[in-house]
Amino acid sequence: MTSYAPKPIPTQERLIFALDVPDLDTADQLINTLGDSVSFYKIGLEFFLSGHYFDLAARLKDQGKKIFADLKLFDIPPTVGRAVAQLAKRDVDFVTVHGNDAMLAAAVENAGSMGVLAVTALTSLDRGDLDDLGFDCDIEALVLSRARRALALGCHGVISSGLEVQALRQSVDNALTVICPGIRPVDNVDDQKRTMNAHEALAVGADYLVVGRPIRDADDPRAAAMGLQQEIASFFE
Ligand code: C5P
């Protein structure tokens, strides 16, 4: 177990499935296959552009699922604020904003009961990528600074690689919710360069785990999701 106090989140909701699919048929098939193995869906840009985003989100809500709109909003603060106000009219639990303090503040101000999550550093970036982008601080310093400011601005939490969660738990208030994408089996090789397995991420203090392709692309997606749910449940037993 951990040295931090786990938040009272229903265990089944700690697994967030990234529904990265292009159209409604594919989404429906996957959702039917997954059934009760997934309670929390992250719906991002790919499906948003299918034209069926809110129909599907409403249906998932009717089934008692939670929804995370991963839209990584980034624009001038008034535009971010107005976009978040639009989304807040829907029944959505979390939204991501990938911006500076003013953008986050505008999002929080317009979010209603929706939780605003700040993106810290995309998990597909490594040191070389950050150098290319002109960030000369280390990834951990960048994540910690963004997380502290996000919490102070009223954000519900942050998206962070599992590799920075321990540092976040040590130096940022535990009120911060930490959501970790890039969760992988140990031997997985793809574009997620900064990964951890589920048990490792929970052990350092992740509140939620985001898993996409290891479930979506599995021969048996339901079995893959159930396997992760068991791994999560066994951690908290
Ligand atoms: O398929 P995979 O498990 O890599 O999915 C990870 C999901 O998490 C993707 O939908 C991606 O957009 C998202 N994500 C990420 N890194 C972040 C924030 C979100 O990979 N920092």
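In summary, strands (runs of 3 or more DSSP E) completely within region 35-104 and bearing 2 or more residues that are away from the ligand (no atom under 13 Å from the Cβ) and not small (Gly, Ala, Ser) occur at 66-73.
Checked against the criterion of being touching a Phe, Trp or Tyr at 6+ places or on another chain (Cβ under 9 Å), within 21 Å of residue 214 (Cβ to Cβ) and among the small types (Gly, Ala, Ser), the candidates 57, 27, 69 yield just one match: 27. List the pairs whose first member sits in region 63-77 and is more than 13 Å from residue 20 (Cα to Cα), whose second member is open to solvent by 30 Å² or more (accessible area, probe 1.4 Å) and of a type in the set (A, V, I, L, M), and whose Cβ atoms are under 8 Å apart, counting only residues at least 6 apart or on separate chains? So the pair list comes out as 72/45; 73/83; 75/83; 77/102; 77/105. Taken over region 198-222, residues that are open to solvent by 50 Å² or more (accessible area, probe 1.4 Å) and in a helix (DSSP H, G or I) amount to 5.
Residues of region 207-234 that are of a type outside the set (Val, Ile, Thr), within 13 Å of the ligand (Cβ to nearest atom) and in contact (Cβ under 8 Å) with a residue 60 or more places away in the chain: 208, 209, 212, 213, 216, 221, 225, 228. Among the residues of region 114-136, is there at least one that is open to solvent by 10 Å² or more (accessible area, probe 1.4 Å), assigned to a loop (DSSP other than H, G, I, E, B) and basic (Lys, Arg)? Taking every residue of region 114-136 in turn, none turns out to be open to solvent by 10 Å² or more (accessible area, probe 1.4 Å), assigned to a loop (DSSP other than H, G, I, E, B) and basic (Lys, Arg).
The values are calculated or read from the model by the stated rules, or taken from the named source; none is laboratory data. Being a predicted model, the structure only gives us computed values, none of them experimental. As a convention, Cβ positions derive from the backbone with ideal geometry for all residues, glycine included, and neighbour counts pool all protein chains shown. The protein model used for the area step is the full one, side chains on, heavy atoms only, and it has no ligands, DNA or RNA in it. Shrake-Rupley method; radii C 1.70, N 1.55, O 1.52, S 1.80 Å.
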